[in-house]
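Data first, discussion second: the structure below is written as structure tokens.
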Amino acid sequence: MMEESLGKEFLEVAIEVERNGRAFYERVAGKTKSKEGRNVLLLLAGREKEHESNFQHILGHLGGYAASEYTRQRGDFIRDLAGSVIFISEKAMGLLNNKTLTDIEAVEAGIGMEKDSILFYSEIIGLLPKADRDIVDIIIGEEKKHLSELVNLADKLRSGT
């Protein structure tokens, strides 16, 4: 009998979150005033794409799992929650509708999105079987790297270095 798991469904959601993050950074990059700001945001978009590829790779190596109806319902819940919170919040959409953003506003928007991602993944981990929690830990680690990079960039922008 196959082992029940949400790992596949969860990774599919994580891939979508990364894809949405990339689209967010690309849109915000197009709204910033400076070339340097655009370059930084496009770099972050590239990292989101890289993480999406990493998660695709992990997904490609998962096998031997079957989802029960209960597990599928939990997977649907995870997808719905992710779609309603990460990278499509009202705040994010409001920022995307602004005509221009300062570099610091753009970076702060990214910080907020990364925090939302980390909080989402941290909350979801309790819904997953123990076998799938390692996957979530990897994802959280990647999001923490994004957050750290953005915080460091914000510090540089604020200090003018």
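The values are calculated or read from the model by the stated rules, or taken from the named source; none is laboratory data. Small disclaimer: the values here were computed from a predicted structure and weren't measured. Glycine also receives a Cβ, built like all others from the backbone with ideal geometry; neighbour counts cover every protein chain displayed.
Have a look at ARG47, ARG38 and point out the one that is at pLDDT 80 or above and either hydrophobic (A, V, I, L, M, F, W, C) or touching a strand residue (DSSP E or B) at 6+ places or on another chain (Cβ under 7 Å) (or both). Walk me through how you get there before you give the answer.
Numbers: ARG47 fails: either hydrophobic (A, V, I, L, M, F, W, C) or touching a strand residue (DSSP E or B) at 6+ places or on another chain (Cβ under 7 Å) (or both).
The conditions single out ARG38.
Across the stretch 114-161, which residue is nearest to LEU41 (Cα to Cα) among those that are surrounded by fewer than 21 Cβ atoms within 10 Å (Cβ to Cβ) and hydroxyl-bearing (Ser, Thr, Tyr)?
SER148
Does ASN54 count as under 21 Å from ILE15 (Cβ atoms), part of a helix (DSSP H, G or I) and modelled with pLDDT of 80 or more? Write out each step before concluding.
Details: under 21 Å from ILE15 (Cβ atoms): yes; part of a helix (DSSP H, G or I): yes; modelled with pLDDT of 80 or more: yes.
Yes: the conditions hold for ASN54.
Return the pair list, or none, for Cβ contacts closer than 8 Å from residues in the stretch 30-57 that are farther than 12 Å from HIS146 by Cβ and without any contact (Cβ under 8 Å) to a residue 40 or more places away in the chain to residues that are of a type in the set (Phe, Trp, Tyr) and part of a helix (DSSP H, G or I), at least 6 apart or on different chains.
As it stands, the answer is LEU42/TYR25, since those pairs meet every condition given.
It is to be established whether one or more residues within the stretch 121-140 are more than 16 Å from TYR25 (Cβ to Cβ), among the hydrophobic types (A, V, I, L, M, F, W, C), at pLDDT below 90 and not in a helix (DSSP H, G or I).
Yes, because at least one residue in the stretch 121-140 is more than 16 Å from TYR25 (Cβ to Cβ), among the hydrophobic types (A, V, I, L, M, F, W, C), at pLDDT below 90 and not in a helix (DSSP H, G or I).
Within the set of pairs 6+ apart or on separate chains, which have a first residue in the stretch 100-122 that is free of Cβ contacts under 8 Å to residues at least 60 places away in the same chain and of a type in the set (Lys, Arg), a second that is part of a helix (DSSP H, G or I) and surrounded by fewer than 23 Cβ atoms within 10 Å (Cβ to Cβ), and C-beta atoms under 9 Å apart?
Within 9 Å, the pairs are LYS115/LEU147.
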